[in-house]
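Step one of this worksheet: look at the structure below.
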Amino acid sequence: MKKIVELTPTNGRKSFNGNCKVIETEGKIELLSYSTVVAEYDKYLEEYKENGKYGKTTNIHIQHFKNYIGL
C-alpha cells in the first residue's frame, strides 16, 4: 500500500507549500521534492541514499526528510 504525505518542517516554518512530499511503501520511503525523487530510505536494508546534488531549497527538504526517518 502506498501512502503519500506532505512533509512538515521542523524549523518553525508552517509548510513547504506542497513542494515536499514523502512517499511510503512497504519497503521504502522516498522524498519527492517538487516533482523529483531526490532521496530514499530502504527499510529492510536500513540504507539511505540521495539521488544527486541539489540546490538550497531541496537540500532543506532533504534535511527535514532525514529528521523524519530518524537519521
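Readers should treat all values here as calculations from the given coordinates under stated rules, not as data from a laboratory. Note that the structure is a prediction, hence the values are computed from the model and not measured. We place every Cβ from the backbone using ideal geometry, glycine too, and count neighbours over all the protein chains shown.
Points worth noting:
- Selection from the range 5-20 of residues that are exposed (fewer than 15 other Cβ atoms within 10 Å of the Cβ) and part of a strand (DSSP E or B): V5, E6
- Residues of the range 36-71 satisfying the condition of being polar (S, T, N, Q) and under 12 Å from the mean Cα position of the chain (by Cα): T36, N51, T58, N59, Q63, N67
- Here is the figure for the range 32-48: residues that are touching a Gly at 6+ places or on another chain (Cβ under 6 Å) and either hydrophobic (A, V, I, L, M, F, W, C) or surrounded by 10 or more Cβ atoms within 10 Å (Cβ to Cβ) (or both) total 1.
- Y54 of a type in the set (S, T, Y), touching a residue at least 40 places away in the same chain (Cβ under 8 Å) and either part of a strand (DSSP E or B) or surrounded by 11 or more Cβ atoms within 10 Å (Cβ to Cβ) (or both): no
- From the list I29, I62, I23, the one residue that fits, being aliphatic (A, V, I, L, M), surrounded by 14 or more Cβ atoms within 10 Å (Cβ to Cβ) and not in a strand (DSSP E or B), is I62.
- Tallying residues that are closer than 15 Å to H64 by Cα, of a type outside the set (S, T, N, Q) and in contact (Cβ under 8 Å) with a residue 12 or more places away in the chain within the range 14-50 yields 17.
- Residue count for the range 24-49, restricted to those that are closer than 15 Å to L7 by Cβ and among the charged types (D, E, K, R): 3.
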